[in-house]
Structure formats: C-alpha cells, structure tokens
1. Those residues that are surrounded by 19 or more Cβ atoms within 10 Å (Cβ to Cβ), assigned to a helix (DSSP H, G or I) and touching a helix residue (DSSP H, G or I) at 6+ places or on another chain (Cβ under 8 Å), I need them from the range 268-286; list them, please.
2. Considering only the range 170-182, I want to know if a residue exists there that is modelled with pLDDT of 90 or more, in a loop (DSSP other than H, G, I, E, B), at negative phi and surrounded by 15 or more Cβ atoms within 10 Å (Cβ to Cβ).
3. Please go through the range 248-265 and pick out each residue that is touching a residue at least 60 places away in the same chain (Cβ under 8 Å) and either buried (at least 23 other Cβ atoms within 10 Å of the Cβ) or within 13 Å of residue 306 (Cα to Cα) (or both).
4. Go through the range 287-311 and report how many residues are in contact (Cβ under 8 Å) with a residue 60 or more places away in the chain and assigned to a helix (DSSP H, G or I).
5. Please give the number of the condition residue 187 fails out of (1) in a loop (DSSP other than H, G, I, E, B); (2) under 15 Å from the mean Cα position of the chain (by Cα); (3) under 21 Å from residue 121 (Cα atoms).
6. Identify, by number, the condition in (1) part of a loop (DSSP other than H, G, I, E, B); (2) surrounded by fewer than 16 Cβ atoms within 10 Å (Cβ to Cβ); (3) at pLDDT below 80 that residue 38 doesn't meet.
7. Find all pairs meeting these conditions: Cβ atoms under 8 angstrom apart; at least six residues apart or on different chains; first residue within the range 78-94 and at pLDDT below 80; second residue surrounded by fewer than 16 Cβ atoms within 10 Å (Cβ to Cβ) and not in a loop (DSSP other than H, G, I, E, B).
8. Please enumerate the residues belonging to the range 147-164 that are at pLDDT 85 or above, assigned to a loop (DSSP other than H, G, I, E, B) and surrounded by 20 or more Cβ atoms within 10 Å (Cβ to Cβ).
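The values are calculated or read from the model by the stated rules, or taken from the named source; none is laboratory data. In this text, all values refer to a predicted model and were calculated from it rather than measured experimentally. Virtual Cβ from ideal backbone geometry, glycine too; neighbours counted across all protein chains shown.
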C-alpha cells in the first residue's frame, strides 16, 4: 500500500473540494436551497415524504455525477493510517464513561428537572448515558477508513453516507427548532448562573481552582448528595443545575480534549439551566465532523477529543 502522510491526505481532499466547488458554481442555478423539500412523484402528485436539501432541480449534472463517481472510494486514510493506538482498552481517553458520582447525580437532578429537560428536547440525550456506552473499536476504525475530510462523508462504492441534522433529531431527540448555538449566544447571568459564580469561586480557591475542573473534584465541590440514611432528597445547590449540565456537556456529549470541565460550554449550561431551548443538533453534528477531520488527517489516531460515541451510535 502507498505511504500517505496527513499532508498528502489533506492535499488530495483539497483537490477534490476545489473541483467540487467549481462544478457547484456552474450548476448553482439549478440548486434548490430549501433545507427540507416536499417530495412529489414523477407525475407531480404530492406525497407525505420530504427530501433533505439543498437538492438539485431535475436530474443531477453529469459533471457532478462523474466527479463523485471517480472519487467515491478513498482509501488514503487506510493506507496511511497507524492503527496501533486502537488496540488499547480505551483508544479514545475522552470516551464517555459512567462514574459513581454520575450514577448518583443523574436520578437526583431528574427528580427536579426531568419535565423541563423534556420540554427543552434534551431529556433523551441525558438519559442515554444512564447506562454504559461500550466503544466498538473495530467498527469505528473500519468506518473511519472510508471518511473524506473534504466532504465529511463516508465515501462508499454505492454512494456517500454521513450523519445529518435529521439523524441528530431521530437518534437523540435534539430538535432543530430553538435558539441557534453560535458565538453571539449569551446566557443572562441570572441567579443560578455558573458563569457568574465561577470568578468568585476561582478567586477564593486560588491556585487550586484549576484542579476543581477535574470531573471528580467538580462534583465534590458543586454537587449535592442526598442522605444515605433515608429516601429524602436534599435541597438544590445554588448553581447545581447549571453545574450538572456543564458536567454532562463536557464529559458525555462533547468529550472535551482536556478530558475535564472546560468553561467554553458554561454559557450553554447556563442557558439550558434557565429553561432556554437550544438547537443542539447542528452544534453536535459540527463536533462530529470536527473529530472526523482530526482523526483522518492525523494518521487515524483516536486520541482526539470529540463525540466519536455519536458516530458509533449512528453506525
């Protein structure tokens, strides 16, 4: 097999992408921009089905079909990959694993906020981690061999496949309706806001503040344990809900590269804790695509943080 460095893989992806974009410019007049388009039969009869767009009006251009057909199976990631790291027990150190802290915390917070989570469309994604999610090393390693970092798709002989926004809704219950997650999103620093409370906490903790962001320390400092002597449930901590959601986002959903709490998701946790409804589907999908790129262009090394678990669930 030919030797391929990450640079050569990126170069070939760039060539594919450049030609792909040139063809798209040529046919842009026939591209329908609608994200969801009603499907009609050949005779024009309306159906109950829809097509996930953007889509092409009429038949696909021959130039585009030829370009995709000639580049469907790309084994460059397989040829240049180093699969030794996949032989260890946990090839991705950030893979979401349940802990005793989480097993106590989840039912406690569900008692208070279960209905709110359902209204926000995040209940199923939280409860998904109520049971261990075992990594399938062989499945992931094999599937990633067919990925193209240019199109974020598995380029198979019969066609191209990739997770979509609709998959995020079908598999994890993440609604495509709500407030978009972007750089301009700011959660009000209201009562119960972790982002507002953290500067004071960090100042009091001094040099120990960074250690507080480790998952075990984070729970011990901000989580509240119910009484072990009876079935009574302790009152909520001041920022406990936001802290719980931040823990869930970092450890289970986005699997941060640092393998601990990172404050970049604090505004999302605060927004959700205050009852806001976020469009997390596209945001999660973007992180899936990001880890596709990181793994494929780095010799198939699974050390990168990101929601590989979601890709496995989709497979």
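1. Passing the criteria: 268, 269, 270, 272, 273, 280, 281, 284, 285.
2. Taking the range 170-182 and keeping what is modelled with pLDDT of 90 or more, we get 170-174.
Those still in the list that are in a loop (DSSP other than H, G, I, E, B) too: 173-174.
Among the residues that remain, those that are also at negative phi are: 174.
Subset that is surrounded by 15 or more Cβ atoms within 10 Å (Cβ to Cβ): 174.
Yes, because at least one residue in the range 170-182 is modelled with pLDDT of 90 or more, in a loop (DSSP other than H, G, I, E, B), at negative phi and surrounded by 15 or more Cβ atoms within 10 Å (Cβ to Cβ).
3. 248, 251, 252, 253, 255, 256, 257, 259, listed by residue number.
4. Matching residues across the range 287-311 total 10.
5. (2)
6. Checking residue 38 against (1) part of a loop (DSSP other than H, G, I, E, B); (2) surrounded by fewer than 16 Cβ atoms within 10 Å (Cβ to Cβ); (3) at pLDDT below 80, the one that fails is (1).
7. So the pair list comes out as 80/8.
8. Scanning the range 147-164 gives a single hit, 163.
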